[in-house]
Amino acid sequence: MFELLSYGDAGWGDEILQGLAITVQLAIVTLPVGLCLGFLAAFASMSRLLPLRYLGFGYTTIMRGLPEILTLFVVYNGVGLLMNAVLRWWAPDASPTDFSPFAAGVVALAMVFGAFAGEVLRGAFQSLDLGQVEAGRAVGMNDRQIFLRIQLPQLWRFALPGLGNLWINMLKDTALVSVIALDDLMRMTKVAVGVTKQPFTFYLLACLIYWVMCVLSELVLARLEHRANRGIRRA
């Protein structure tokens, strides 16, 4: 077992670490994109404009109702077709190009994360005390100042538990991107299994790595929640 996990030509340790690095990069890049989509979805769902409300609810309803792997296939193949169609229109003699698996993974996972995050953030917004907003306006604050100084600090306190769960689910969903040939942790594990014929060893190792990442994430999230609630505890 230790020989299989060693580094160099004799083992698969370096390939597994490279796959782990890509998995972590994918999750870290996806998080801010998904949060931005979540805020946009939440704002659209709470908008006074009826078309925006329909757009926000439509996005969250559709994305939450689709399997993540199906979303990944649609994004990877659909964006690739669109890119080549635009390329043929712009430069008819150009060679076809492929959509990056990493970019497809970021887009697909961010769309799913954003849909669920939108509902979490909408619920957090609706939990805020409207009297504080009126008090902010009474002292001359504009909407931007009210959001940044009053609503946003309290918003994280309500939204962090839900967003934390979404982060952990998204971290595990990165394994799906292996089906579109991204050399992440799961794909490198499958390659190692195919070559060595040792499925138990490598799949057990992958389970351990994902579990450790989730445990570390939970520790960080617990610290963030403690920090977000420190004023409430003192009160």
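The values are calculated or read from the model by the stated rules, or taken from the named source; none is laboratory data. Computed from a prediction, not measured in an experiment: that's the story for all the values here. In this analysis, Cβ positions are derived from the backbone assuming ideal geometry, glycine residues included, and neighbour counts consider all displayed protein chains. Note: areas computed on protein heavy atoms with side chains; ligands, DNA, RNA excluded. Shrake-Rupley method; radii C 1.70, N 1.55, O 1.52, S 1.80 Å.
Just a few scattered comments:
- Computed in the context of the full set of protein chains, the accessible area of the chain at 1.4 Å probe radius has 65% of its extent on carbon or sulfur.
- Counting only protein heavy atoms and using a 1.4 Å probe, the accessible area of LEU81 comes to about 130 Å².
- Computed from Cα atoms, the angle from the helix 101-127 axis to the main principal axis of the chain rounds to 30 degrees.
- Structure-based [θ]222 nm, the chain - -39500 (n - 2.57) summed over DSSP H runs of at least 4, per residue, nearest 500: -26000 deg cm²/dmol
- Here Cα extents along the principal axes in Å was computed from the coordinates, and among (1) 63, 39, 31; (2) 46, 44, 34; (3) 70, 56, 27 the match is (3).
- SER217 contributes an accessible area of around 20 Å² to the protein surface, as traced by a 1.4 Å probe with all chains present.
- Order of exposure, largest accessible area first, which applies to CYS207, CYS214 with probe 1.4 Å: CYS207, CYS214
- Förster radius 25 Å - calculated FRET efficiency between PHE200 and ARG223 (Cβ-Cβ, nearest 0.05): 0.10
- Whole-number D in µm² s⁻¹ for region 37-108, Kirkwood Cα-pair radius fed into Stokes-Einstein, 10 °C, 1.306 mPa s: 112 µm²/s
- Virtual spin-label span in nm between ARG230 and SER100, 7 Å along Cα→Cβ: 3.7 nm
- Label-point separation, PHE57 to PHE73 (7 Å along Cα→Cβ), nm: 3.1 nm
- Cα centre as origin, Lys/Arg/Asp/Glu Cβ charges: region 1-117 dipole, Debye: 940 debye
- Percent RCO, i.e. relative contact order, over the chain, from Cα pairs under 8 Å lying at least 6 residues apart: 25 percent
- Each residue of region 59-68 was assigned a 3J(HN,Hα) from its phi angle through the Karplus curve 6.51 cos²θ - 1.76 cosθ + 1.60 (θ = phi - 60°); the sequence is 4, 5, 5, 5, 5, 6, x, 9, x, 4 Hz, with glycine and proline shown as x.
- Each Lys and Arg adds +1 at its Cβ and each Asp and Glu adds -1 at its Cβ; summed about the Cα centre, the chain shows a dipole of about 1120 debye.
- The residues of region 107-150 expose, per residue, 52 Å² of accessible area to a 1.4 Å probe.
- Dipole in debye (nearest 20) - region 153-213, about Cα centre, beta carbon charges: Lys, Arg +1; Asp, Glu -1: 100 debye
- Length released on extending from SER127 to MET46, taking residue separation times 0.36 nm less the Cα-Cα span: 27.9 nm
- Taking label positions 7 Å along the Cα-Cβ direction at both VAL33 and LEU216, the computed distance is 2.2 nm, reported to one decimal.
- Heavy atoms of ASP98 accessible to a 1.4 Å probe, total area in Å² rounded to 10: 130 Å²
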